[in-house]
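Asker: Here it is, the structure, as structure tokens.
The values are calculated or read from the model by the stated rules, or taken from the named source; none is laboratory data. On a predicted model such as this, the values are computed, not experimentally measured, just so you know. Cβ sites come from the backbone with ideal geometry, for glycine too, and all protein chains shown count toward neighbours. Heavy atoms of the whole protein, side chains included, go into the accessibility calculation; ligands, DNA and RNA do not. Shrake-Rupley method; radii C 1.70, N 1.55, O 1.52, S 1.80 Å.
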Amino acid sequence: HVACCCGNFFSSLFSKYSKNEGKRREVLSAAAAAGVSVAFGAPIGGVLFSLEEVSYYFPLKTLWRSFFAALVAAFTLRSINPFGNSRLVLFYVEYHTPWYMAELFPFILLGVFGGLWGTLFIRCNIAWCRRRKTTRLGKYPVLEVIVVTAITAIIAYPNPYTRRSTSELISELFNDCGALESSQLCDYINDPNMTRPVDDIPDRPAGVGVYTAMWQLALALVFKIVITIFTFGMKIPSGLFIPSMAVGAMAGRMVGIGVEQLAYHHHDWIVFRNWCRPGADCVTPGLYAMVGAAACLGGVTRMTVSLVVIMFELTGGLEYIVPLMAAAVTSKWVADAFGKEGIYEAHIHLNGYPFLDVKDEFTHRTLATDVMRPRRGEPPLSVLTQDSMTVEDVETLIKETDYNGFPVVVSRDSARLIGFAQRRELILAIKNARQRQEGIVSNSILYFTEEPPELPANSPHPLKLRRVLNLSPFTVTDHTPMETVVDIFRKLGLRQCLVTRSGRLLGIITKKDVLRHMAQMANQDPESIMFN
């Protein structure tokens, strides 16, 4: 988010990007990749995240530019060395045993848990955020933050696993138990005759500390599940990635310890007989925590490819790609069975943003003329003429309407299209002209042509606004299929598109019009779609 803010700011400094929405979106795609690269030390994962989750349209040139941005971000992070361990990764792990085919079953179970948790989280969080928007609760955001913080502190403090920072908790849950580990999770009963190397400790029976840790983790898991529902969407950046990973890591670590103890006490079972001999290091609970974290994050965000890459870059666990893939795909399938929306899409719809999802197909045979406004019986389109309106006329039009911009035509009779002027730029240009140019008054003629119009001798000084005019607005004819129009809106990120016939302006199609039309074609009430 911060990286995209920086990308948006730097775009506004260069006219090549500030005046071209498509170029600006390419910069934002690269910025998103750089942001994830820095946040998780995952440059390739960042590029794939931008491709899979962030971008409407991701051509090949944007791919390598995003890759370059992520690379520079990773180099900068490495030179700063924020973790003090000469590594980019946040949760570096080093496991000494491979995974076995029989372990795929608990990995898939963790995927199912991740999908169910994702569904529960999205539904409860959206219900709570909707309540916040529609009740008096939303009027006191600071009070809400203080109350939730106080409740979190009071409940979290007694439990050592909720008391520490979430990043430290995840790091401990991912770790393998070495000989020098002092964590409760590593309080196993050691064999006094053990003469193994330090990094190859066999599976051992769990001690009192492990059982205590399991109870504390179970309570911490319930607390994290409940509190994350309330914290995501508050007026502070309380995060989604790390809390979701923490939920999965706790569930995964508990499953891992359970499988480990099962393998130790019942190594003669047919499931364990082929790969888990007595005295061998068979099961790595930390790996289950890693897989659980990926499953829960996948269930909430519906990421697949970028999630797996981010997870193995985050941990350095390249050997464990298959378990991560199995968990990520399972969690997505399970979550999709209850609803196709991830948490981002759900919040976009809740907030009323006009969002055209790339995943939705439009196969109907309607035309641009069926969707454009004004319709029959509606008032005519609000337009500007190229050289016959006064400053006062334009200011009145801006005040009486809330449109994002206005088409500019030669005259109202001919309706020959010249270009498109953005509302924001018109307001700024008129304001600056009144302050800095002499002779600009309310009845000054406003013109968009190269040469000023012929005026009577005693007329006030005219105002030239050609520089705010977009001379190449996107236009379609009235017989353009809506399937093509929808594709254009998606890939170019348009907000509006003008409809013409033989150069004459007929109407306008906005992104909101497209969304209402798609809802109508899906037998929904188009007026039920609310926009901010």
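Asker: Taking the conditions exactly as written (farther than 23 Å from residue 50 by Cα, in contact (Cβ under 8 Å) with a residue 40 or more places away in the chain, in contact with a Pro (Cβ under 6 Å, 6 or more places away or on another chain) and in the same structural domain as residue 122 (by the TED database)), does residue 255 satisfy them or not?
Answerer: Here the answer is yes, as residue 255 does meet what is asked.
Asker: So, one more: With the checklist (1) modelled with pLDDT under 90; (2) open to solvent by 70 Å² or more (accessible area, probe 1.4 Å); (3) assigned by the TED database to the domain that holds residue 284 in hand, flag the one item residue 195 doesn't pass.
Answerer: (3)
The rows are residues; the columns are (1) more than 22 Å from residue 91 (Cβ to Cβ); (2) among the hydrophobic types (A, V, I, L, M, F, W, C); (3) outside the structural domain of residue 128 (by the TED database); (4) in a helix (DSSP H, G or I).
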{"site": "309", "(1), (2), (3), (4)": "no, yes, no, yes"}
{"site": "314", "(1), (2), (3), (4)": "no, yes, no, yes"}
{"site": "319", "(1), (2), (3), (4)": "no, no, no, yes"}
{"site": "322", "(1), (2), (3), (4)": "no, yes, no, yes"}
{"site": "325", "(1), (2), (3), (4)": "no, yes, no, yes"}
{"site": "328", "(1), (2), (3), (4)": "no, yes, no, yes"}
{"site": "332", "(1), (2), (3), (4)": "yes, no, no, yes"}
{"site": "341", "(1), (2), (3), (4)": "yes, no, no, no"}
{"site": "344", "(1), (2), (3), (4)": "yes, no, no, yes"}
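Asker: Take residue 248 and tell me if it is part of a helix (DSSP H, G or I), within 23 Å of residue 156 (Cα to Cα) and at pLDDT 85 or above.
Answerer: So residue 248 fits the description; yes.
Asker: Then there is this: Give just the number: which of (1) closer than 22 Å to residue 125 by Cα; (2) modelled with pLDDT of 85 or more does residue 286 not satisfy?
Answerer: Condition (1) is where residue 286 drops out.
Asker: Let me ask something else. State whether the residues of the range 372-392 include one that is of a type in the set (A, V, I, L, M), in a helix (DSSP H, G or I) and either under 30 Å from residue 232 (Cβ atoms) or in the same structural domain as residue 514 (by the TED database) (or both).
Answerer: Yes, the range 372-392 contains a residue that is of a type in the set (A, V, I, L, M), in a helix (DSSP H, G or I) and either under 30 Å from residue 232 (Cβ atoms) or in the same structural domain as residue 514 (by the TED database) (or both).
Asker: Look through 362, 420 and report the one residue that is assigned to a loop (DSSP other than H, G, I, E, B) and either closer than 18 Å to residue 511 by Cβ or of a type in the set (Lys, Arg) (or both).
Answerer: 362
Asker: In addition: Cβ-Cβ distance below 8 Å, separation of 6 or more or different chains: which pairs start in the range 473-502 with a residue that is touching a residue at least 12 places away in the same chain (Cβ under 8 Å) and open to solvent by 10 Å² or more (accessible area, probe 1.4 Å) and end on one that is assigned to a loop (DSSP other than H, G, I, E, B) and polar (S, T, N, Q)?
Answerer: Qualifying pairs under 8 Å: 481/366; 483/363; 495/404; 496/404.
Asker: I'd like the residue in the range 297-348 that is at pLDDT 85 or above and of a type in the set (Lys, Arg) and, out of all such residues, is nearest to residue 49 (Cα to Cα).
Answerer: 302
Asker: Can you list the helices (runs of 4 or more DSSP H) lying wholly within the range 1-120 that have 2 or more residues being out of contact with any helix residue (DSSP H, G or I) (no Cβ under 6 Å at 6 or more places or on another chain) and touching a residue at least 40 places away in the same chain (Cβ under 8 Å)?
Answerer: Once the helices (runs of 4 or more DSSP H) in the range 1-120 are filtered for at least 2 residues that are out of contact with any helix residue (DSSP H, G or I) (no Cβ under 6 Å at 6 or more places or on another chain) and touching a residue at least 40 places away in the same chain (Cβ under 8 Å), what remains is 21-40.
Asker: So which residues in the range 327-354 are exposed (fewer than 14 other Cβ atoms within 10 Å of the Cβ) and closer than 30 Å to residue 480 by Cβ, if there are any at all?
Answerer: Answer for the range 327-354, where residues must be exposed (fewer than 14 other Cβ atoms within 10 Å of the Cβ) and closer than 30 Å to residue 480 by Cβ: 340, 352, 353.
Asker: Being modelled with pLDDT of 90 or more and under 30 Å from residue 27 (Cβ atoms) is true for just one of 500, 484. Which residue is that?
Answerer: None of the others qualify; the one that does is 484.
Asker: With the structure loaded, tell me whether residue 72 is among the β-branched types (Val, Ile, Thr) and either open to solvent by less than 60 Å² (accessible area, probe 1.4 Å) or in contact with a Leu (Cβ under 7 Å, 6 or more places away or on another chain) (or both) or whether it fails that test.
Answerer: No: the conditions fail for residue 72.
Asker: While we're looking at this one, here's another question. Assess whether residue 146 counts as being in the same structural domain as residue 214 (by the TED database) and touching a helix residue (DSSP H, G or I) at 6+ places or on another chain (Cβ under 8 Å).
Answerer: It is false that residue 146 is in the same structural domain as residue 214 (by the TED database) and touching a helix residue (DSSP H, G or I) at 6+ places or on another chain (Cβ under 8 Å).
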